[in-house]
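A short write-up of the structure that comes next.
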Amino acid sequence: MSERVHKNSSYLNAKSTVGTQTRVKDVSPTSGMCPICIRDCPFLCEVGLSTFRGREALYPEPIQFGASTAGALKDFRLDWSDFNIQASLFEVHGIKADSDLALFHNVNVESKVAGIPLKIPIATGAFGSTEVARVNWEGLAVGAALSGVIITIGENVCGMDTESVITGGKVTYSKELKRRIDTFRKFWDGKHGEVVVQTNVEDQRLGVDMYAISKLEANVIERKWGQGAKAIGGEVRIRDLQKAILLKKRGYIVIPDPEDKTVQQAFKEGVFTSFERHSRVGMPTEKGFLEDIDWLRSQGAKHVILKTGAYRPSAVAFTMKLASEAKVEAVTFDGAGGGTGMSPVPMMDEMSTPTVYLEAQVLKCAEILRKKGRFVPDILMAGGFIKETQMFKAMAMSNFGKGPYVKGVLMARSPLLSVMKSSYFVELAKEGKLPRTFAERYGTVPDKFFISAPELKAEYKERFKEIPWEAIGLYTYLNERIKVGLMQLMAGARKWKLNLIDRNDLVSLTERAAKVTGIQLVEDSEADAIEKILD
Ligand code: SF4
């Protein structure tokens, strides 16, 4: 048995996501249990925790909800590390073949998704009603605006807003949705990036789309069919009994029933400390979807896009067929292995199609549509993206010669990490409690340890004071790390424009990677070039 398989099997009965561990490390590869399971064991493995907490053991540690994100830890046997980027020497594309010009600083990484120009090929989100999104919104939204990328407000924001005004079953005011849009626009240059309002079944019932378009002047509406981390609707924890009752009254599914007297008693006694709020799943039909997209446009939506999860291949094909017919401008496919504010851990690890396999299916559909002369929407890939190397590979793989289908990637957990890290370290700096090595290396004040601070001060002058440090952290990550890293990779491949990177820039490192994606193995790449050049 390979090391890889053995490692995954041990996760059967202990996962850091759930906060469980086994008494011994050499567990059974089949069950994940300790080979000798003893009565006097003080450890909480998966079965042990489930014994006390039941359904709570399905989720990332409930105590961390609101201050964390969670993702899959399973090795899906194929990921972006199974490919390498080919470096070039003699060719130069997209710039004059002049050593004084062909510098990585001159690489252009601008992209366009659904007609929206992006300074970096990134969309962030969707950050919905989950607590971690609400708490960190300012940093996320301002950081996205400064970076010229898309940010998506996720599902259920109006429904979860206790200050929402709902008249005749439709939302007519939501302080929280307004705050989210306004915060982005405060530092938006009016051209690059956008704030997208995502709507699921619950949002559509509440008329969130109409409210966002007509009252908040939202330009982009995203329909949501699913996400890679789970194939059931969005879920959040509610730690307040009255709020749980309010949400039940608004039509949400709340578990356990907050109006049940026994449940209320158990909650008051501390038997459990949070309710689960679930959303319904959509049941898309061809006719319904086409009519819906037409209706959204007639209501004034300037751009209509779609976000879906990592469903089976027939669902991928169905999605691409409908998106093409409805001329939805962009579709985000979210692969398994990504993450969320709250999803069942077994679903994140064991269900749905992982990102690279999913992209291969999407590309097959895109090529069929293109060859038939049909409309192909822009594609955004999501599911575990944190770095420029993954982005390069995802976009290059999608260019069969007519430009990349994948116009950018969607990131959620890493922008949140960046914002949370900024927030925590600024707090530590105020308290004089920064880790010693960090303080010695980078300084003790945010003006110094955020390397982008001087540049942003010069650009925004008086307004700099209005930019939260969390946004500066996100800007630094996206602009100073990912963008620069991507420029370096592209210059190494001798491609100075994003639409020039293609499948020939990649090689597969494993047979599986080559089989799934059609990207040649290293040993097969340019196989006849050596003879041709030297004979
Ligand atoms: S209860 Fe049994 S399987 Fe679980 S950690 Fe203890 S010894 Fe191992």
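Okay, here's what the table says:
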quantity	calculated
Within the stretch 89-189, chymotrypsin sites (Phe, Trp or Tyr not before Pro) in DSSP loop having at most 12 other beta-carbon neighbours inside 10 Å	F90
Extreme residue, positive dipole direction of the chain, given options G159, T183, L521 (C-beta unit charges)	G159
DSSP beta bridges in the chain [antiparallel fraction, %, rounded to 5]	35
Relative frequency of Cα-Cα separations exceeding 39 Å in the chain, percent	29
Under 22 Å from the Cα of K249 - lysines, other chains or at least 8 residues apart	K170, K175, K261, K268
Student exercise, the chain dipole from Lys, Arg, Asp, Glu Cβ charges, in Debye to nearest 20	920
Trypsin sites (Lys or Arg not before Pro) restricted to the stretch 392-500 and DSSP loop, no more than 12 other C-beta within 10 Å	K402, K433
Trypsin sites (Lys or Arg not before Pro) within the stretch 25-67, DSSP loop, no more than 15 other Cβ atoms inside 10 Å	K25, R39
Gyration tensor (alpha-carbon) shape descriptor, the stretch 1-136, a/c threshold 1.5	oblate
Across K215/K457; K25/K230; K119/K430; K186/K302, pairs whose alpha-carbon gap is larger than 31 Å	K215/K457; K119/K430
The stretch 153-301, Rg to Rh (Cα coordinates; Rh as Kirkwood inverse mean 1/r)	1.01
Distance between the stretch 107-182 and the stretch 23-48 - C-alpha centres, whole angstrom	43
Accessible carbon and sulfur surface of the stretch 43-103 relative to its total accessible area, %, 1.4 Å	57
The chain, accessible area per residue, ligands and nucleic acids excluded (1.4 Å, Å²)	46
Per-residue ³J(HN,Hα) for the stretch 335-340, Karplus 6.51 cos²θ - 1.76 cosθ + 1.60, θ = phi - 60°, Hz, x for Gly and Pro	x, 4, x, x, x, 5
Distribution of pairwise C-alpha distances over the stretch 445-501, 5 Å bins, in %	4, 18, 23, 17, 11, 11, 11, 5, 0
Pairwise centroid distance, computed over Cα atoms, of the stretch 55-100 with the stretch 410-463, Å	23
Local net charge near T130, Cβ-Cβ under 9 Å (Lys/Arg +1, Asp/Glu -1)	0
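The values are calculated or read from the model by the stated rules, or taken from the named source; none is laboratory data. No experiment lies behind these values; they were computed from the predicted model shown. Please note: Cβ atoms are built from the backbone with ideal geometry, for glycine as well, and neighbour counts cover all protein chains shown. What goes into the accessible areas is simple: the full protein's heavy atoms, side chains included, and nothing from ligands, DNA or RNA. Shrake-Rupley method; radii C 1.70, N 1.55, O 1.52, S 1.80 Å.
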